[in-house]
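This report refers to the structure that appears directly beneath it.
Only the coordinates and a few stated rules stand behind these numbers; no lab work does. Computed from a predicted structure; not experimentally measured. Cβ placement follows ideal geometry from the backbone for every residue including glycine, while neighbour counts extend to all protein chains displayed.
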Amino acid sequence: MLLTSSQISVAISSTVVTIFTFLLFLSGYVLQQQTVRSIQAVIHPKILPPAPTINPVFAKHFGRPPGHGFYEKYLASNRPKGGWAKVAYVQLVRQHIEVCGTITAFAQLEKEESMAQRIIMYPREWDAQPQDGAKLAPHVETSRRLLREAAKHYKVMLQPIEPNVQRTRSKITPEELYPLTNLLALHYYNRVLYLKPAGLILDPTPLDLLFTLPMDSPILGLSAPTSTSEHPPPSILLLQPSKSTYKELSSLLPEGAYPDTEILNLIHVESAPREKEFHTRLLAETSALDAENVAEFNATEFLEMTGYVHIEDPGVEGPEFDVPRPDFVRAMPSGKQARKAWESVYERYRDARRDVCALDLAPVDRPVDEGGGTGMAEELK
Ligand SMILES: *[C@@H]1O[C@H](CO)[C@@H](O)[C@H](O)[C@H]1NC(C)=O
């Protein structure tokens with residue numbers, strides 16, 4: 001069958017119309033799904049897969065800063081809803097080894113004059129006096145000293161907490177005893193920000209910005225953007241504490257929580273915004289530095305332009321530990337600049353541990369042969 005040219009142009013234009021109608025439907029559908037998902041996050045959080053998406057609000061604010069000073073200018077004229085007295089950085093320490101890292105983070109916030117409040121939650125049992133005139137264990141004594149110093153020098157409010165469950169079972173994890181749902185009990189605050197340990201705050205300004213942006217779900221998890229489609233678990237949690245959310249989440253949660261997968265199914269996870277052009281990052285992972293584009297990556301810029309670096313690498317117990325050199329070297333990224341950034345992060349962490357807490361790196365405790373020890377480092381100092 002032969003078509004005249006006008007028939008062909010009618011056919012083409014109707015195809016174009018069909019395509020555009022479909023695209024219009026698709027964009028509407030995507031928008032609708034986003035709204036539906038935030039509603040579901042509140043009503044039926046269980047069915048929410050932790051699929052990272054880009055939040056348009058965050059993307060807008062982080063996506064087009066005209067240079068680094070943008071954040072400071074923005075913060076000069078934008079306050080969190082309810083003011084800076086109603087927002088807080090909050091850390092929940094469960095083990096003695098985590099205390100120093102938390103204190104150094106707050107020391108950095110004080111140094112950089114962050115205006116948000118600061119809270120440390122810690123197990124109340126650390127306050128207990130030893131029975132029968134026995135001496136305090138040295139690591140408990142150190143934790144107490146550090147917490148006192150944080151209150152005195154870095155304006156940190158100390159909040160002792162009770163365990164969530166009874167220690168009836170023999171194998172109970174610190175996460176089960178002190179789950180992150182405790183953060184939601186801080187009803188006085190409009191918004192709290194939690195940084196997954198261990199890590200290093202390089203620049204609190206972009207973190208402060210997170211207190212001022214609109215948020216449409218009660219809990220938001222931000223994970224570092226990576227070059228692959230696999231997103232790491234969130235290293236920043238933003239929470240809007242409220243009695244109802246606390247009750248709802250507590251009833252849904254099994255005894256254990258974060259970093260167990262359950263709570264990740266409950267929260268809305270997003271990829272932290274990153275602006276390539278200005279090299280600004282809110283959040284980075286040491287383990288993702290190896291995947292950086294070698295030609296583009298610049299260690300100096302990375303260290304200047306990143307908000308928070310979460311430190312966790314396979315084969316390395318943590319930045320608090322004196323890991324055998326060969327294991328340390330094996331974990332390093334291969335690119336020259338990436339390696340420089342990676343080493344600097346570990347080094348700064350170590351320096352802060354020494355300068356702020358007066359602590360050396362903790363020795364690693366690994367099983368010497370099969371069957372001996374747990375391989376987990378003990379709570380030291
Ligand atoms: C990295 O960036 C800094 C500052 O922008 C610049 O001075 C330095 O030359 C850069 N280094 C490399 C290796 O490109």
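Data overview
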{"quantity": "Footprinting exposure proxy for Ile119, Ile236 (fewest neighbouring C-beta atoms within 10 Å first)", "calculated": "Ile119, Ile236"}
{"quantity": "Under the Karplus curve 6.51 cos²θ - 1.76 cosθ + 1.60, θ = phi - 60°, whole-Hz ³J(HN,Hα) for segment 153-161, x wherever Gly or Pro sits", "calculated": "9, 10, 6, 9, 8, 9, 10, x, 10"}
{"quantity": "Listed peptides 96-104, 124-132, 215-223 by packing density, highest first (mean Cβ within 10 Å)", "calculated": "96-104, 215-223, 124-132"}
{"quantity": "Violating pairs (Cα-Cα greater than 22 angstrom) within the set Lys81/Lys111; Lys155/Lys247; Lys86/Lys243", "calculated": "Lys81/Lys111; Lys155/Lys247"}
